[in-house]
Structures are given as structure tokens and as C-alpha cells.
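Only one structure is covered here, and it is reproduced in the block below.
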Amino acid sequence: MANHKTKLAVFCSGTGTNFQAIYHAINERDLPAEFSLCLSNRSECGAMTFAAAKGIPTVHLSEKQYDTHEEFASAMLKALGEHDVEYILLAGYLRKVPEAVVEAYNLKILNIHPALLPKFGGKGMYGISVHQAVLEAGEKETGATVHYVDTEYDKGPILLQRAVPVKKGDTPESLAARVLECEHQVYPDALEKLLTGTNR
Ligand code: GRF
């Protein structure tokens, strides 16, 4: 299995800048992995457009397309199976992954959260609200965390975490931009750690 490339699925709902950063890092660092699927709850978004341009299979899967949650979860597992997915990377996926999928991919799903978990995590803590809460709490630093996903929001074991300073005069938006830049480094680094054991 010397040349085995680990097959990755990315789950996105938006622009997908983290997905793009990981995609480029895989090429630049020659990591033993490749994206075999981009799954989104939105038929059109930056991530889906990027995937299509790179020849990565895309699947639009939304709970609304199914009568029951079980059928939705089965369809997701089927798509993952059809693309031989070994690891799932959540990158701005604004939906909860069905429990059946989390169980089938135990310790095989990663997420990035734009704060230093366990601080500023949990239900409702996403997007700009995270940075707003960090500023309101008067934190001197925040950061980005890559963690394994389990059935509770933002609670799975941490794989890699990196700090970012909070600066005087920061707004939630300026902080979000600084953290996002850090995310684009830390997510590829976490994947590299997972695949090769290398710490950057
Ligand atoms: C990132 O801030 C990530 O931490 C959060 O959603 C955002 C996704 O941005 N989960 P993008 O789609 O990767 O640009």
C-alpha cells in the first residue's frame, strides 16, 4: 500500500476557503491523500464550484429531499461508500452530521472550529457569533481548533489547536479574518499530522 492515497470527503455549506487551502496543501506538500467527494447541503456554493472545477465528484444532499432522517442518513452513507471515503473533513458545514454517519466513521471525521475549544463552542456558536463572544469576554487570544467529531457539538478530542492574538480595536469581522487565515494553516497541518504523524 506504499502509494495508497487516503480518500477524503469534504462537507461544506459555503465558500469553502478551508477546503481550497487543504486541496492546495495536499498538492504542495505531496500528502498521501485525495478528495474523492465534495458533499454539500447547498446545490450551489463556492465549495461545490471549486470541486467541480477540479474534477472532484460533488453530491448535493439535503435533509429536505427525504421523508425521514433515517433515509437521509442512509443516502449520505451510500454516497460515502460509493466514493470509498475513508475520512470526512467538515469545512464550514452548517448541518449536524447524522448520528449513523458519526458512528460509521468513528474518529474518522474532523471539524475546524474558529476558537480555542473547549472555549466558545457548542450549539449556536458558529460564524460571527463566536468572534463576538470572544470580544465580549475580553479574551486576549483566540484561535482555531481541529477536532474529531462525535455526537455532541464541538466536544470531540482535539487534534490540533493554534492561537491567534486578539488586538486592540478588533471587530468581530477583523477577528474572524485573522482566525480564518490561521484556519487555512492549521487544517492542512492537522491533516498532515493525521496522515504522516508530522507536527508542524
Ligand atoms: C470557518 O470559519 C470555519 O471555522 C467554520 O466555518 C467557516 C468556513 O469558512 N466552521 P470556509 O467555507 O472554509 O471559507
**OP:** Pick out, in residue order, every one of the GluC sites (Glu not before Pro) in region 85-146 that is DSSP loop and has at most 16 other C-beta atoms within 10 Å; say none if there are none.
**Re:** Glu86
Original post:
Expressed as a whole percentage, what fraction of the accessible surface of the chain belongs to carbon and sulfur atoms when a 1.4 Å probe is rolled over the protein heavy atoms?
Top reply: 49
Original post:
With +1 on each Lys and Arg Cβ and -1 on each Asp and Glu Cβ, how big is the dipole of region 149-190 about its Cα centre, in debye rounded to the nearest 20?
Top reply: 260
Original post:
Cross-link list Lys96/Lys168; Lys108/Lys140; Lys5/Lys64; Lys54/Lys167; Lys64/Lys108: which exceed 30 angstrom alpha carbon to alpha carbon?
Top reply: Lys96/Lys168; Lys108/Lys140; Lys5/Lys64; Lys54/Lys167
Original post:
What GluC sites (Glu not before Pro) does region 1-79 have in DSSP loop regions with at most 14 other beta carbons within 10 Å?
Top reply: Glu44
**OP:** Roll a 1.4 Å probe over the protein chains and send me the accessible area per residue for region 118-198 in Å².
**Re:** 52
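The values are calculated or read from the model by the stated rules, or taken from the named source; none is laboratory data. Source: prediction; values computed, not measured. FYI the Cβ positions are ideal-geometry reconstructions off the backbone, even for glycines, and counts take in every protein chain you see. Accessible surface areas use protein heavy atoms only, side chains included; no ligands, DNA or RNA. Shrake-Rupley method; radii C 1.70, N 1.55, O 1.52, S 1.80 Å.
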